[in-house]
1. Does any residue in the stretch 4-26 that is closer than 13 Å to LEU63 by Cβ come within less than 7 Å, Cβ to Cβ, of a residue that is of a type outside the set (Ser, Thr, Tyr) and not in a helix (DSSP H, G or I) six or more places away or on a different chain, and which pairs are these?
2. Please list, ordered by residue number, the helices (runs of 4 or more DSSP H) wholly in the stretch 28-131 having 2 or more residues that are modelled with pLDDT under 80.
3. In this structure, is LEU17 assigned to a helix (DSSP H, G or I) and among the aliphatic types (A, V, I, L, M)?
4. Residues in the stretch 15-43 that are within 19 Å of LEU143 (Cα to Cα) and touching a Leu at 6+ places or on another chain (Cβ under 7 Å): how many?
5. Working only within the stretch 47-76, note down all residues that are among the β-branched types (Val, Ile, Thr) and either without any contact (Cβ under 8 Å) to a residue 24 or more places away in the chain or closer than 24 Å to TYR145 by Cα (or both).
6. For LEU141, only one of the following conditions fails: (1) under 11 Å from the mean Cα position of the chain (by Cα); (2) free of Cβ contacts under 8 Å to residues at least 60 places away in the same chain. What is its number?
Amino acid sequence: MQEAIFTFVQNWGYVGLFVVCFLAATILPLPTEAVFLFLLATLDEHNLSIWWIYFVAIVGNLLGAITSYSLARFLSHKIDIQKPKYQKYKKWVEKHGYILGLLAWVPFLGSPLILVLGFMRTHALGTFICMFIGIVFRFSLLLAYFL
């Protein structure tokens, strides 16, 4: 599957990167970091700009996270979740609030956390700002690693 993702991104460039970053910010486990670093490593082959790759990755990931948050927020009155893992996340959100949006970028933790933030109807703008800061931090670390 990863080979198909890399081929897709190779063929579609910025659009492929946007799609992968958008979908990875939902519950789909896609290798955003690997795709981002792959494109950075093959800049010359694909005639891409390092700064456009950085920008597109951030925007795609942020819009995917906002979409997940918004869907969860919309469905929060229609779904009752009683799973133990949800209850654990719920306690975190009750204690720390929308500031947990800073962790939106953390693999395996960020996507479920975004859904819980939406279900619990945290302050939307505060959550989005925190998600933005966390996502910029993530891609800045990756860019610094590459440079």
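The values are calculated or read from the model by the stated rules, or taken from the named source; none is laboratory data. These numbers were taken from a predicted model, which means no experiment stands behind them. Cβ sites come from the backbone with ideal geometry, for glycine too, and all protein chains shown count toward neighbours.
1. Here the result reads VAL20/LEU30; LEU23/LEU30; ALA24/LEU30, each pair linking the stretch 4-26 to a residue that is of a type outside the set (Ser, Thr, Tyr) and not in a helix (DSSP H, G or I).
2. Hits in the stretch 28-131: 43-46, 84-96.
3. The answer is yes for LEU17.
4. Looking only at that region, the number is 10.
5. We begin by selecting, within the stretch 47-76, every residue among the β-branched types (Val, Ile, Thr); these are 50, 53, 56, 58-59, 66-67.
Correct list: ILE50, ILE53, VAL56, ILE58, VAL59.
6. LEU141 satisfies every listed condition except (1).
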